[in-house]
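*Asks:* Can you read through this structure? Questions will come right after.
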Amino acid sequence: MDFYFAPLEGITGYIYRNAFHDFFDCGICKYFLPFIAVNQNGLNKRRELEDLSEEHNRGMRAVPQLLGNKGKEMAGYIRRLSQMGYGEVNINIGCPYQTVVSKKKGAGLLADTDYLSRFLEEVFEDAPIAVSIKTRIGMESAEEFEEILKVYNQYPVAELIVHPRVREDFYKNNPDLLAFSHAVKAGRAPICYNGDIFTRKDYQTFTKAFPETDRIMLGRGLLANPGLLTEIFGQELKTEAEKKEKLKAFHDRIYRDYGKALYGEKNLLFKMKELWNYMQFLFAEREKYIKKIRKANRAAEYESTVESLFYNCHMIPEAGFIAE
Ligand SMILES: Cc1cc2nc3c(=O)[nH]c(=O)nc-3n(C[C@H](O)[C@H](O)[C@H](O)COP(=O)(O)O)c2cc1C
């Protein structure tokens, strides 16, 4: 099985990726970078170039992701990424947020398969590197997926990563495994599964149902439990003390590196709080500490609360992300 780390905008930037790679990576084949919005000005934002730079992606296979709806503009970005040394790029055809969808970008592209096809025609024309797609299965209904897949099948898609939810689902409801099985049967490109693999058990249930699927993308499951892959491989640390020590060191590394890269305590704490939306699920009886972390205005307050959480709360074995 090939494991991919999902792109998670605002979280899996280079600071998180490098920390994860150093502490928990036991076989991530590809790290997908959070999306870069394509526009007429080209690839020149400092934040984006920093995330793409070689020094920030050492030792890992990073795949940039592009979000846009103008094929020619996107083709320009792909040429630039190729010149920078990238061998693969991914297109986001799944982002569900209104500001994106209303501009016919992300999942918004799924609403008009004729437009989608013209867009892909321009993207794939003379693309110098492999182009993969990350998609949802429709805007409103899984019935749309058959037509959408027919469009993808017309292009040399390097791989098709399917998150089998429709846009209307956002992250609610369950992934539609029937729609995913349609992709497996009728898709021309190699098919990668993405969605709601949060525990070793979820992984085992999925692989039993889809023994032919040889690539899986993990997102929130890894954010919530960075040791998920070690658990899947049966290589997890045995004692709670060891697990806590490793997780705390991972946390401290991210905290230190954000502290260096971001301006001011407020921005630093905002980033860390976002991470705790996921990592909280590893701890039993965490509520009062998580509340305090969310309320913390000063770094010292945050740091002492995190210390107390690690000291006082037990870690839940095989814990996974819990959707609200
Ligand atoms: C905070 C957040 C940010 C995300 N950012 C992106 C993104 O930049 N590009 C993308 O294709 N998907 C993005 N996604 C979707 C994830 O990559 C993934 O498809 C989704 O979380 C389902 O997989 P999971 O159940 O393993 O988390 C994001 C999801 C979340 C929760």
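*Asks:* Size of the dipole of the chain about the Cα centre, Lys and Arg at +1 and Asp and Glu at -1 on the beta carbon, nothing else charged, in debye to 20?
*Replies:* Using Cβ point charges on Lys, Arg, Asp and Glu, the chain gives about 880 debye.
*Asks:* Can you find, among Ala142, Gly234, Ala319, the residue sitting farthest towards the positive end of the charge dipole of the chain, where Lys and Arg contribute +1 and Asp and Glu -1 at Cβ?
*Replies:* Checked the options; the winner is Ala319.
*Asks:* When all protein chains stay in place, what accessible area (Å², nearest 10, 1.4 Å probe) is found for His21?
*Replies:* 50 Å²
*Asks:* So what's the back-of-envelope 222 nm ellipticity for the chain, counting only DSSP H runs of four-plus at -39500 (n - 2.57) apiece and dividing by all residues, rounded to 500?
*Replies:* Values: 14 runs with 145 residues, N = 324.
Value at 222 nm, helices only, nearest 500: -13500 deg cm²/dmol.
*Asks:* Another question, then. Relative contact order (percent) for the chain, with alpha-carbon contacts under 8 angstrom and 6 or more residues of separation? Walk me through the numbers on the way to the answer.
*Replies:* On the way: 524 pairs, mean separation 48.4, N = 324.
Averaging sequence separation for qualifying contacts and normalising by length gives 15 percent for the chain.
*Asks:* Considering Cα pairs under 8 angstrom that are at least six residues apart, work out the relative contact order of the stretch 68-123 and quote it in whole percent. Display every interim value, and only then the final one.
*Replies:* Working: 52 pairs, mean separation 22.9, N = 56.
Reported relative contact order: 41 percent.
*Asks:* Using θ = phi - 60° and the Karplus curve 6.51 cos²θ - 1.76 cosθ + 1.60, what whole-Hz ³J(HN,Hα) does each residue of the stretch 119-126 get, with Gly and Pro shown as x?
*Replies:* The phi angles translate into 4, 5, 3, 6, 5, 7, 4, 6 Hz.
*Asks:* Continuing with this model, one more query. Over every pair of different alpha-carbon atoms in the stretch 127-231, take the mean of 1/r and invert it; report that Kirkwood radius in Å.
*Replies:* On the way: mean 1/r = 0.0697 Å⁻¹.
With all distinct Cα pairs of the stretch 127-231 included, I get 14.4 Å.
*Asks:* Oh, and also: Please compute the Kirkwood hydrodynamic radius over the stretch 51-182, one decimal place, Å, based on all pairs of different Cα atoms.
*Replies:* 15.2 Å
*Asks:* A follow-up question, please. Let me cross-check Val184: its accessible surface, 1.4 Å probe, with only protein heavy atoms counted, in Å² to the nearest 10?
*Replies:* My reading of the accessible area for Val184 is about 40 Å².
*Asks:* Report, in listed order, any pair from Lys72/Lys103; Lys172/Lys243; Lys246/Lys292 with a Cα-Cα distance greater than 25 Å. Mind dumping the intermediate values first?
*Replies:* On the way: Lys72/Lys103 17 Å; Lys172/Lys243 31 Å; Lys246/Lys292 23 Å.
Going by Cα-Cα distance, Lys172/Lys243 fall outside the 25 Å limit.
*Asks:* To one decimal place, what orientation-averaged projected area in nm² is obtained for the convex hull of the Cα set of the chain? Numbers along the way, then the final one.
*Replies:* On the way: hull surface 63.7 nm².
With the hull built on Cα positions only, its mean projection is 15.9 nm².
*Asks:* In terms of modelled amide H atoms, which long-range or inter-chain residues lie less than 5 Å from the amide H of Arg215?
*Replies:* Asp2, Tyr193
*Asks:* Right, next: Using the crude model of +1 on Lys and Arg Cβ and -1 on Asp and Glu Cβ, and no other charge, please compute the dipole size for the stretch 28-153 relative to its Cα centre, in debye to 20.
*Replies:* Numbers: 17 positive and 18 negative charges, 101 e Å.
It works out to roughly 480 debye.
*Asks:* Pairs of Cα atoms under 8 Å, at least six residues apart: use those to get the relative contact order of the stretch 240-312, whole percent. Walk me through the numbers on the way to the answer.
*Replies:* Numbers: 35 pairs, mean separation 21.1, N = 73.
Relative contact order, the stretch 240-312: 29 percent.
*Asks:* Might you report the magnitude of the Cβ-based charge dipole of the stretch 240-312 about its Cα centre, with Lys and Arg at +1 and Asp and Glu at -1, to the nearest 20 debye?
*Replies:* Numbers: 17 positive and 12 negative charges, 52 e Å.
So the dipole magnitude of the stretch 240-312 works out to roughly 240 debye.
*Asks:* Given a 10 angstrom Cα cut-off, can you work out which residue in Met60, Met217, Met279 is the most mobile in a GNM of the chain?
*Replies:* Met60
*Asks:* So what are the ³J(HN,Hα) numbers for the stretch 93-108, from phi and the Karplus equation (6.51, -1.76, 1.60; θ = phi - 60°), rounded to whole Hz, Gly and Pro as x?
*Replies:* Karplus-based 3J(HN,Hα) across the stretch 93-108 equals 10, x, 4, x, 6, 3, 4, 7, 5, 5, 9, 6, 10, x, 4, x Hz.
*Asks:* May I ask you to evaluate 6.51 cos²θ - 1.76 cosθ + 1.60, the Karplus curve with θ = phi - 60°, for each residue of the stretch 258-275 and list the ³J(HN,Hα) values in order in whole Hz, giving x for glycine and proline?
*Replies:* With the stated coefficients, the stretch 258-275 comes to 5, x, 6, 8, 9, 8, x, 4, 4, 5, 4, 5, 4, 5, 5, 5, 4, 5 Hz.
*Asks:* Right, here's the next one. With only alpha-carbon atoms counted, please give the Rg and Dmax of the stretch 84-133, in Å.
*Replies:* Just the Cα atoms of the stretch 84-133 yield Rg and Dmax of 12.0, 33 Å.
*Asks:* Which of the aspartates and glutamates could a cross-linker span from Lys238 if the Cα-Cα distance has to be under 20 Å and same-chain partners fewer than 8 positions apart are dropped?
*Replies:* Result set, ordered by chain and number: Asp22, Asp25, Glu318.
*Asks:* Using a 1.4 angstrom probe on the protein heavy atoms only, could you order Glu285, Glu144, Glu303 from most to least accessible area?
*Replies:* Details: Glu285 155, Glu144 55, Glu303 85 Å².
Ranked list, largest accessible area first: Glu285, Glu303, Glu144.
*Asks:* Go through Asp51, Asp114 and list them by solvent-accessible area, largest first, probe radius 1.4 Å.
*Replies:* Numbers: Asp51 25, Asp114 105 Å².
Putting Asp51, Asp114 in descending order of accessible area: Asp114, Asp51.
*Asks:* Still on this model: Using a 1.4 Å probe and counting only protein heavy atoms, arrange Leu269, Leu8 so the residue with the most accessible area comes first. Don't skip to the end; give the middle numbers.
*Replies:* Working: Leu269 5, Leu8 30 Å².
From most accessible down to least: Leu8, Leu269.
*Asks:* On a full-extension model of 0.36 nm per residue, what is the gain between Arg294 and Tyr263, subtracting their alpha-carbon distance, rounded to one decimal in nm? Display every interim value, and only then the final one.
*Replies:* On the way: separation 31, 0.36 × 31 = 11.16 nm, distance 1.92 nm.
Net length gain for the segment: 9.2 nm.
*Asks:* On the Cα set of the stretch 240-312, report Rg and Dmax in Å, please.
*Replies:* 11.7, 35
*Asks:* Taking amide hydrogens as modeled 1.01 Å from N in the peptide plane, which residues meet the under 5 Å criterion relative to Gln65, leaving out close sequence neighbours?
*Replies:* Counting only residues 5 or more places away or on other chains, the set is Leu33, Ile36, Asn90.
*Asks:* Just the Cα atoms of the stretch 188-324, one point each, no solvent: what log10 I(q)/I(0) does Debye give at q = 0.15, 0.21 Å⁻¹?
*Replies:* -0.79, -1.27
The values are calculated or read from the model by the stated rules, or taken from the named source; none is laboratory data. Here the structure is a predicted model, which is why all the values come from computation and not from measurement. Methodologically, a virtual Cβ is constructed for each residue, glycine included, from the backbone with ideal geometry; neighbour enumeration extends over all protein chains shown. Accessible surface areas use protein heavy atoms only, side chains included; no ligands, DNA or RNA. Shrake-Rupley method; radii C 1.70, N 1.55, O 1.52, S 1.80 Å.
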